[in-house]
Amino acid sequence: MRKKIVAANWKMNLKLAEGAELVNDLYNTMPALSNNCNVVIAPPYTHLLQTATQLAVIDHVYLGAQNCHHESSGAYTGEISAGMLRSTEVDYVIIGHSERRQYFGEDNELLARKVNQVLSNSMNVIYCCGEPLEIRDAHTQNIYVEQQLKKGLFHLSAEQLIDVVIAYEPIWAIGTGRTATSTQAQDMHAHIRSVIADQYGADVAANISILYGGSCKPSNAAELFACADVDGGLIGGASLKADEFIGIISAMIKS
Ligand code: 13P
């Protein structure tokens, strides 16, 4: 059975003390999770050690990172390797977020190398895909997302894919307040699952978690998570406030 997951992507927000306070508030109000119902928190790199210590006492809540370098070590000033992340107890690494693709020029080929780094260091990948507005307006989003999946992930074996979660984040819905409708989300999630089924078979496709991201809030989470192929969410803005993030987690538990 595939897992339900709600993951927080803090992006470049919160100072160290603010991050500690947020995780403390989450700890105090976290509803009961389970093996099949998990939470991931991905703070900035500077918060990882602190957050690891805090999360050690919260069941089924895992530490995430927002990026890693595509090489294992070397003269790459300012960069962080997957091995370093693993050494701070990171379990999930977000790869291919649209902000990395857009502002840092990361393409599918580079992302495939990052995926390999994460998996070879015994962590899970949250692989992001999603189309910009002009692609949605041209109705070519299915083929666009398919290419992101094929180029970034399809070099993996079926066994390796077990450690991959997919996040569909339409760029036009990120931070805009304009959420995809539940029909738009379900249609794309079903498409992603069918593309995986074609490559890896129905069993693998049925077991992979596909998260929705883009202006997900407590007020729309229940409707999105009720969709058959939506297995949770990757949350930006609403993950920075404990009550809102808990509201989204509660919607996942009930879904
Ligand atoms: P928002 O929830 O702020 O729209 O961000 C979504 C996102 O990019 C999560 O990775």
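Quick look at the numbers
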| read-out | value |
| --- | --- |
| Relative packing of peptides 155-166, 117-128, 89-100 - highest average C-beta neighbours within 10 Å first | 89-100, 117-128, 155-166 |
| Long-range HN-HN contacts of LYS3 with modeled amide H, under 5 Å | SER209 |
| Difference of contour (0.36 nm per residue) and Cα-Cα distance, MET1 to ALA206 | 73.0 nm |
| Low-density loop positions, trypsin sites (Lys or Arg not before Pro), the range 1-87 - DSSP coil, at most 11 other Cβ in 10 Å | LYS15 |
| For the chain: rounded, prolate or oblate by the Cα gyration tensor [a/c cutoff 1.5] | rounded |
| Per-pair calculated FRET efficiency, R0 = 22 Å: THR181 and LEU133 via Cβ, rounded to 0.05 | 0.90 |
| In Hz, Karplus ³J(HN,Hα) per residue of the range 169-182 (6.51, -1.76, 1.60; θ = phi - 60°; x = Gly, Pro) | 10, x, 4, 5, 9, 7, x, 9, x, 9, 6, 5, 5, 4 |
| 14 Å beta-carbon shell around ALA52, net charge (K/R +1, D/E -1) | -1 |
| THR77 versus GLU109: modelled label distance in nm, points set 7 Å from Cα along the beta carbon direction | 2.7 |
| Fraction of beta bridges assigned by DSSP in the chain that are antiparallel (%, nearest 5) | 5 |
| Long-range HN-HN contacts of ILE94 with modeled amide H, under 5 Å | ALA65, GLN66, ASN67, ILE126 |
| Extension gain (nm, one decimal) between ASP198 and ILE58, 0.36 nm per residue minus Cα-Cα | 46.6 nm |
| Karplus-derived HN-Hα couplings along the range 234-251 (A = 6.51, B = -1.76, C = 1.60, θ = phi - 60°), whole Hz, x at Gly and Pro | 10, 10, x, x, 6, 8, 8, 10, 4, 5, 5, 5, 5, x, 6, 4, 4, 4 |
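Read the figures in this text as sums done on the coordinates, not as results from a lab. Just so it is clear, the model here is predicted, and its values are computed rather than measured. With ideal geometry, Cβ positions are generated from the backbone for all residues, glycine too; neighbour counts draw on all protein chains shown.
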